[in-house]
Structures are given as C-alpha cells and as structure tokens.
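What follows is a set of notes on a single structure, which appears directly below.
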Amino acid sequence: MLAGIGGGVYIYSGAYDIGADASHTQVVFEILETLRDRSVEEHAAGIQVPPLDDPKLIATGAEHYAAMCTGCHLAPGLDDSEIRPGLYPQPPLLYRQKDENPAEQFWVIKHGIKLTAMPAWGPTHDDQAIWAMVAFLQKLPTLSVQQYAQMTANSSGEHEAHEAHQGEDKPH
C-alpha cells in the first residue's frame, strides 16, 4: 500500500519527464513495452487473416504505405524523415521486419498505439484497405530499393493514395 501511495505522489508531482525528447527509465520502458506487446497479442488473437497474396491488394497497400507510413517507418532507400527524429519511442523500421504476425499488424494499423505516434487508421479506412496495408507489409522486407520504387510509383501525394478508402463503411 505504501508503494502505491508513493507511486501516486510521484505521478501527481509531475517530476517524471514525459517529453518525447527524453527517454524513459529502463523500468518504465520495459513495463510499457511489455504492456504494448501483450495487449496487441491478446487483442489480435481472434482475428482471421484473409489471403494476402493478391497482387492488386499488395499494390493498393503499397500506395497506402507510401502515402501514409514512410514519414515515420521509412522505406527501402529512405534513411530518415523530418518527423522521425522527434518521435519517441522510435517507430519500427517496417521494411526490416520479417515474419511479423499479420493479425497483429492489422490490429495495430486499425487501432493505433496510445502514447506513441501510431494513429488508429480504423476510423478513416475500412478493413479491406487495412488488409491491403498488411499484405504490403508482409512483402515489404523482401523488396529492394528499386522494387519498392517501382511498386510505389503510382502513389502521388499523401492524400490521393488513400482518399478512395477514407470514410468508406463509416458513419458520417
């Protein structure tokens, strides 16, 4: 009980630096990382993954990724962005992540992650658009710089590539 009171006093004091330019203590980092990983794993457990090998689905996901994700997660041949250095925790470099669970990727894209810069795309994108992004993410780690550039050549700007799905199947 004393530890709970002490923790409450510490939290209420405002002494903990919550700024994105200050790293968490190791204990806080490990707690938050475990909380995130276990929450995503648990919430994604019942998601049924559709077939993700359709070239049109992957191409649609490539357009979405180029328009919506590269600023934070980068891409083959893109070493940095204007926003990425200011993000904490640093977003994962998705083009380097192999063998990721597609159900977990879907859940994260749809619902986002609190206290990170990862938005919830579910309010503005239907499940089909999110599965397209997952299909592309499954292929992304295998792409060279040239292959990535070729797949995303049709993506023209941040808004055009995902306007077709924005708000579909969502109440207005």
Pairs, please: C-beta under 8 Å, at least 6 apart or cross-chain, first residue more than 20 Å from H125 (Cα to Cα) and free of Cβ contacts under 8 Å to residues at least 40 places away in the same chain and in the range 89-110, second assigned to a helix (DSSP H, G or I) and among the charged types (D, E, K, R)?
-> Q90/R84; P91/R84
What is the number of the single condition among (1) closer than 25 Å to K139 by Cβ; (2) exposed (fewer than 10 other Cβ atoms within 10 Å of the Cβ) that P76 does not meet?
-> (2)
Check off (1) without any contact (Cβ under 8 Å) to a residue 12 or more places away in the chain; (2) in contact with a His (Cβ under 9 Å, 6 or more places away or on another chain); (3) among the small types (G, A, S) for A67 and give me the number that stays unchecked.
-> (1)
Test for A117: is it surrounded by fewer than 19 Cβ atoms within 10 Å (Cβ to Cβ) and touching a Leu at 6+ places or on another chain (Cβ under 7 Å) | yes
Which numbered condition G46 fails, given (1) among the small types (G, A, S); (2) closer than 15 Å to A149 by Cα; (3) in a loop (DSSP other than H, G, I, E, B) | (2)
H64 being surrounded by 12 or more Cβ atoms within 10 Å (Cβ to Cβ) and part of a loop (DSSP other than H, G, I, E, B) | no
With the checklist (1) buried (at least 17 other Cβ atoms within 10 Å of the Cβ); (2) at pLDDT 95 or above in hand, flag the one item P89 doesn't pass.
-> (2)
Index of the failed condition, S81 passing every other in (1) modelled with pLDDT under 95; (2) outside any helix (DSSP H, G or I); (3) open to solvent by less than 50 Å² (accessible area, probe 1.4 Å); (4) of a type outside the set (K, R) = (1)
Give the range 9-35 a look and list any residue that's loosely packed, with under 10 Cβ neighbours inside 10 Å and assigned to a helix (DSSP H, G or I), or say none.
-> Y12, S13, Q26, V27
Considering the range 135-152 alone, what residues qualify as being in a loop (DSSP other than H, G, I, E, B) and in contact with a helix residue (DSSP H, G or I) (Cβ under 9 Å, 6 or more places away or on another chain)?
-> L143, T152
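The values are calculated or read from the model by the stated rules, or taken from the named source; none is laboratory data. Keep in mind the model is a prediction, meaning the values are calculated, not measured. Ideal geometry is used to build each Cβ from the backbone, glycine not excepted, and the neighbour counts take in all protein chains shown. Just the protein is used for accessible areas: all its heavy atoms, side chains included, with ligands, DNA and RNA removed. Shrake-Rupley method; radii C 1.70, N 1.55, O 1.52, S 1.80 Å.
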